[in-house]
Amino acid sequence: MMMRALLLSLASAPLLAACATAYVSPVEVTRFTGSQPARLGQGTIAVVPEANAPGGGLEFSIVQRAVADRLQALGYRVVPGEGASQVAELGFASFAQQPGGRRSPVSVGVGGSTGSYGSGVGLGVGIDLSGPPPAMIDNSMHVIIRDNATGQALWEGRAGFRAAEKSDYASRQAAAARLASALFQDFPDESGKTVEVTPRD
């Protein structure tokens with residue numbers, strides 16, 4: 001009996017260790033630079049919601065702040081309103097991955113939700129110690145920097161990653177900060193290339 005208990009304990013140890021670290025994927029980033037790259041990273045810029053996306057509420061302000069902080073670090077002076085020489089049109093979305101692969105958006109623009117994904121994993125001894133399947137959340141960010149007067153696109157970027165609901169990036173604030181960090185890392189970067197980025201901070 002003691003030997004069986006010991007074997008069961010040893011078998012469960014790797015599984016418990018694996019469960020202790022919540023899954024977080026690298027950030028997949030794609031960026032495009034327009035015909036006037038010298039204009040990027042300087043002057044005034046306003047961060048606004050992209051077309052048809054909700055803005056002005058607490059949810060948008062959280063994501064807006066994450067992007068504004070990165071733009072300011074790049075050399076922009078972030079200002080409100082229409083007086084900026086450039087605008088950064090911002091979109092953000094969170095999707096819960098439901099069982100069976102169904103994705104359930106809560107809102108478009110600055111949404112977020114919870115859900116569950118995956119399946120239980122047994123130990124091969126007739127006992128399943130994995131508990132309920134972990135919830136997985138897909139987060140994405142889209143930014144277009146335009147000339148405020150003409151509407152010409154100067155730069156565009158998209159970023160996305162997946163994380164377990166119990167990870168450090170379950171909150172909108174943490175997810176937005178990670179996306180913004182990856183999106184503007186090595187800005188403006190090579191145009192048209194999709195890369196996996198692990199944010200430096």
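For region 21-43, the tally of residues that are over 16 Å from Q152 (Cβ atoms) and either among the aliphatic types (A, V, I, L, M) or not in a loop (DSSP other than H, G, I, E, B) (or both) stands at 7. Scan region 54-77 and give yes if some residue there is assigned to a strand (DSSP E or B), touching a helix residue (DSSP H, G or I) at 6+ places or on another chain (Cβ under 8 Å) and more than 16 Å from M141 (Cβ to Cβ), otherwise no. Among the residues of region 54-77, not one is assigned to a strand (DSSP E or B), touching a helix residue (DSSP H, G or I) at 6+ places or on another chain (Cβ under 8 Å) and more than 16 Å from M141 (Cβ to Cβ), which makes the answer no.
Yes or no, residue by residue, for (1) modelled with pLDDT of 95 or more; (2) over 23 Å from E50 (Cβ atoms):
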{"position": "V125", "(1), (2)": "no, yes"}
{"position": "L129", "(1), (2)": "no, yes"}
{"position": "P133", "(1), (2)": "no, yes"}
{"position": "I137", "(1), (2)": "no, no"}
{"position": "R146", "(1), (2)": "yes, no"}
{"position": "T194", "(1), (2)": "yes, no"}
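What about S113, is it under 30 Å from P80 (Cα atoms), at pLDDT below 60 and assigned to a loop (DSSP other than H, G, I, E, B)? Answer is yes for this residue. Which of the residues spanning region 160-182 are of a type in the set (A, V, I, L, M, F, W, C) and more than 19 Å from L40 (Cα to Cα)? Result: F161, A163, A164, A170, A174, A175, A176, A177, L179.
Among residues of region 179-201 that are under 22 Å from A93 (Cβ atoms), those with a beta-carbon under 6 Å from a residue that is part of a loop (DSSP other than H, G, I, E, B) at least six positions away or on a different chain give the pairs S181/P199; A182/P199; E196/P26; V197/Q185; T198/P26.
The values are calculated or read from the model by the stated rules, or taken from the named source; none is laboratory data. Since the structure is predicted, the reported quantities are computational estimates derived from the model, not experimental observations. All Cβ positions, glycine included, derive from the backbone under ideal geometry; neighbour counts span all protein chains shown.
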